[in-house]
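Just below is one structure, and these are the notes that go with it.
The values are calculated or read from the model by the stated rules, or taken from the named source; none is laboratory data. For clarity, every value in this text was computed on a predicted model and none was experimentally measured. All Cβ positions, glycine included, derive from the backbone under ideal geometry; neighbour counts span all protein chains shown. Heavy atoms of the whole protein, side chains included, go into the accessibility calculation; ligands, DNA and RNA do not. Shrake-Rupley method; radii C 1.70, N 1.55, O 1.52, S 1.80 Å.
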Amino acid sequence: MRKIALEEHFAAPDFGQYEAGVELMMKEQDYQHYRERLPEFDEKRLAVMDKAGIDICVLSQTSPGLQAEKDPLLAAVKAQRVNDFLYEQIQKHPTRYAGFAHLAMHDCATAIKELDRCIQELSFKGALINGHTGGVYLDDKMYEPFWERVVELKVPVYLHPADSFDTPHMYSGYPALKGAAWGWTVETATHALRLIASGLFDRLPSIKIILGHMGETLPFILWRLDSRWQISKHSLELTQTPSFYLKQNFAITTSGVCDDAPLKCAIEAIGIDNVLFSTDYPFESVPLATEFIETAAISESDRAKICHKNAERLLKFAAL
Ligand code: MN
């Protein structure tokens, strides 16, 4: 079955410095495995795709990238550089690769300008943003023009995990809890809920945010979110329940979760049209991810939607 994968990472030259936090989190041999694969776009990556039966990978700069750059001017320059670099790689294999823009979110006007260039000139499919930038989340009022432009361009924004701005005390003594095993999920799900709580989707109801990792646990807790939301004090009253926005304004990918139970939960909770295949290369096993989706206990029409049809619609790929 045709497969389009959306959360597939690379590392651009001169971006290794941002990965110190990721490196600290991982066992040395695993980090080495990733470091060897991230900068490579040719034989090795294509062989993995061919063997697993993945037709197209939408590539993105690995986390955290420029979201961790402290100098806004340098970030703006490097954003153009990484997007040009990605464009060059895509041109070498245009039928196999597509791209998500990497944006310096330090300054809204700069981010809009680069997003415009990436979508209109480089034909990228949207943007992938690695969480907060210096502790500023995407619900910040300064980003309102950015979201308006996202709506005009009709592209999705992939919200990808990164480290929290500060480390919560509750993780003390257990370093594994603050990283990809758990802390990134808390961070990214909370970021998604900030977008909902800010009323962004009441103002701009056609925005589509993509979350990886089977929705960062959110599909599992829709009922409780709605139930406890209504008795909680809010800085802004929403017109709908949280679950309404999670169904209307979010899609999720299967990246890094190869398990039938959460897949079925996600389909049931936010709808089959909002579930898309991904692997999280090179951090997860591509053969495992593809075997999982090929053999998952779902109907063939649901499998086709997850593997390629939803991506064709949401990212505007030609349907074959
Ligand atoms: Mn990832």
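Worth pointing out:
- Each of HIS160, GLY135, LEU200 was scored by the projection of its Cα onto the charge dipole of the stretch 4-315, and the greatest displacement toward the positive side belongs to LEU200; charges sit on the C-beta of Lys, Arg, Asp and Glu.
- Spatial separation of Cα centroids for the stretch 201-234 and the stretch 124-158, in angstrom: 17 Å
- 3J(HN,Hα) from dihedral phi, the stretch 304-309, Karplus parametrisation 6.51/-1.76/1.60, rounded to Hz, x for glycine, proline: 5, 5, 5, 6, 8, 5
- Spin-label model distance (nm) - GLU312 vs LYS51, 7 Å beyond Cα toward Cβ: 2.8 nm
- Residue ranges 222-233, 100-111 sort as 100-111, 222-233 when ordered by packing (mean number of other C-beta atoms within 10 Å per residue, highest first).
- Taking amide hydrogens as placed 1.01 Å from N in the peptide plane, the amide H of LEU276 sits under 5 Å from those of ILE252, THR253, THR254, each at least 5 positions away in sequence or on another chain.
- Basic side chains Lys and Arg get +1 at the Cβ, acidic Asp and Glu get -1 at the Cβ, and with that the dipole of the chain about its Cα centre reaches some 620 debye.
- The stretch 4-315, accessible surface, carbon-and-sulfur percent (1.4 angstrom probe): 56 percent
- Phi angles of the stretch 182-197 translate, via the Karplus equation with coefficients 6.51, -1.76, 1.60 and θ = phi - 60°, into HN-Hα couplings of 8, x, 5, 5, 4, 4, 6, 5, 5, 4, 4, 5, 4, 4, 5, 4 Hz per residue; Gly and Pro are given as x.
- Note on ASP30 and ARG2: their simple-model spin labels are 3.5 nm apart, each label 7 Å out from Cα toward Cβ.
- For the chain, the solvent-accessible area works out to 45 Å² per residue, with a probe of 1.4 Å and every protein chain left in place.
- Inter-probe distance in nm under a simple model that places probes 7 Å from Cα toward Cβ, at LEU73 and PHE220: 4.7 nm
- Across the stretch 45-75, the residues whose backbone nitrogen lies under 15 Å from the label position 7 Å along the beta-carbon direction of GLU23 are 63-65.
- The chain - mean residue ellipticity at 222 nm from DSSP helices (-39,500 (n - 2.57) per run, n ≥ 4, rounded to 500): -12500 deg cm²/dmol
- Relative packing of peptides 7-14, 19-26 - highest average C-beta neighbours within 10 Å first: 7-14, 19-26
- Calculated from backbone phi, Karplus (6.51, -1.76, 1.60) coupling profile of the stretch 286-294 in Hz, x at Gly/Pro: 5, x, 5, 5, 6, 5, 4, 6, 5
- Checking the Cα-Cα distances for LYS141/LYS264; LYS70/LYS178; LYS70/LYS247; LYS92/LYS154 against a 32 Å cut-off, the pairs over it are LYS141/LYS264; LYS70/LYS247.
- Beta bridge orientation in the chain: antiparallel %, DSSP, nearest 5: 5 percent
- Prolate/oblate/rounded call for the chain, Cα gyration tensor, a/c under 1.5 rounded: rounded
- Cut-off under 5 Å, modelled amide H: who pairs with LEU38 long-range: none
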